[in-house]
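Engineer: Pasting a structure below so you can have a look.
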Amino acid sequence: MRIAVTYENGMIFQHFGHTEQFKFYDIENGQVIKTQIVDTNGRGHGALAGFLTQEGIDVLICGGIGGGAQAALSVAGIRLFGGVSGEADEAVRVYLAGELDYDPDVHCSHHGEKHACGEHHCGEDKQGCAGNV
């Protein structure tokens with residue numbers, strides 16, 4: 001199994017569509033065997049679902065994410081665990097233990113939906129949010 005977490009300075013980045021890095025975790029027998037920090041190289045929003053598919057990701061852990069990106073991940077067969085905050089490594093540890101607290105109805109508030117993306121100042125230097133797929 002391969003897990004991706006939106007990533008910034010050890011923490012779960014709170015805006016899927018603007019994440020500049022993911023941390024990938026390769027899992028065997030319920031244990032992390034390898035990690036890797038990968039730059040998105042300017043990809044955003046809808047392109048990120050394709051990027052994760054190319055990288056063989058099975059599970060995504062993130063903060064805020066819009067409906068369009070959720071749909072793209074679903075079509076790609078990537079299981080989404082959104083609305084998560086805190087340390088990336090800890091979130092993966094708790095996920096592997098079957099105890100990850102996440103929001104199955106997570107949405108990005110910039111599209112009139114109910115979940116706030118956190119303090120990432122969406123729109124200051126980039127357009128939109130993760131729902132713009």
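The values are calculated or read from the model by the stated rules, or taken from the named source; none is laboratory data. As the structure is a prediction and not an experimental result, all values here were calculated from the model. Cβ coordinates were reconstructed from backbone atoms using ideal geometry, including for glycine residues, and neighbour counts include every protein chain displayed.
Engineer: Could you check the stretch 1-43 and list, in sequence order, the residues that are within 23 Å of Val106 (Cα to Cα), surrounded by 14 or more Cβ atoms within 10 Å (Cβ to Cβ) and among the polar types (S, T, N, Q)?
Structural biologist: If the condition is that a residue be within 23 Å of Val106 (Cα to Cα), surrounded by 14 or more Cβ atoms within 10 Å (Cβ to Cβ) and among the polar types (S, T, N, Q), then Thr6, Gln14, Thr19, Gln21, Thr40 are the ones that fit.
Engineer: Please go through (1) hydroxyl-bearing (Ser, Thr, Tyr); (2) touching a helix residue (DSSP H, G or I) at 6+ places or on another chain (Cβ under 6 Å); (3) closer than 24 Å to Gly98 by Cβ for Thr53 and return the number of the only condition it doesn't satisfy.
Structural biologist: For Thr53, the failing item is (3).
Engineer: Then there's this: Quick check, is Ile12 in contact (Cβ under 8 Å) with a residue 12 or more places away in the chain and more than 14 Å from the chain's Cα centre (by Cα)?
Structural biologist: no
Yes/no matrix, rows are residues, columns are (1) outside any helix (DSSP H, G or I); (2) over 10 Å from the mean Cα position of the chain (by Cα); (3) among the hydrophobic types (A, V, I, L, M, F, W, C):
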{"site": "Asn41", "(1), (2), (3)": "yes, yes, no"}
{"site": "Gly83", "(1), (2), (3)": "yes, no, no"}
{"site": "Glu90", "(1), (2), (3)": "no, yes, no"}
{"site": "Val94", "(1), (2), (3)": "no, yes, yes"}
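Engineer: Look at the stretch 44-58 and say how many of its residues are surrounded by fewer than 21 Cβ atoms within 10 Å (Cβ to Cβ) and among the aliphatic types (A, V, I, L, M).
Structural biologist: 1
Engineer: On to the next question. Is it the case that the stretch 101-115 has a residue that's outside any loop (DSSP other than H, G, I, E, B), modelled with pLDDT of 95 or more and surrounded by 15 or more Cβ atoms within 10 Å (Cβ to Cβ)? Lay out the reasoning, then the answer.
Structural biologist: Just the residues of the stretch 101-115 that are outside any loop (DSSP other than H, G, I, E, B), to begin with: 109-111.
From the residues that got through so far, the ones that are modelled with pLDDT of 95 or more too are none.
No: zero hits.
Engineer: For the stretch 1-39, which positions are touching a strand residue (DSSP E or B) at 6+ places or on another chain (Cβ under 8 Å), outside any strand (DSSP E or B) and not charged (D, E, K, R)?
Structural biologist: Met1, Gly10, Phe13, Gln14, Phe16, Thr19
Engineer: Could you give every pair whose Cβ atoms fall below 6 Å, whose first residue belongs to the stretch 80-108 and is under 14 Å from Phe13 (Cβ atoms) and touching a residue at least 24 places away in the same chain (Cβ under 8 Å), and whose second residue is hydroxyl-bearing (Ser, Thr, Tyr) and assigned to a loop (DSSP other than H, G, I, E, B), counting only separations of at least 6 or pairs across chains?
Structural biologist: Correct list of pairs: Gly83/Tyr102; Val84/Tyr102.
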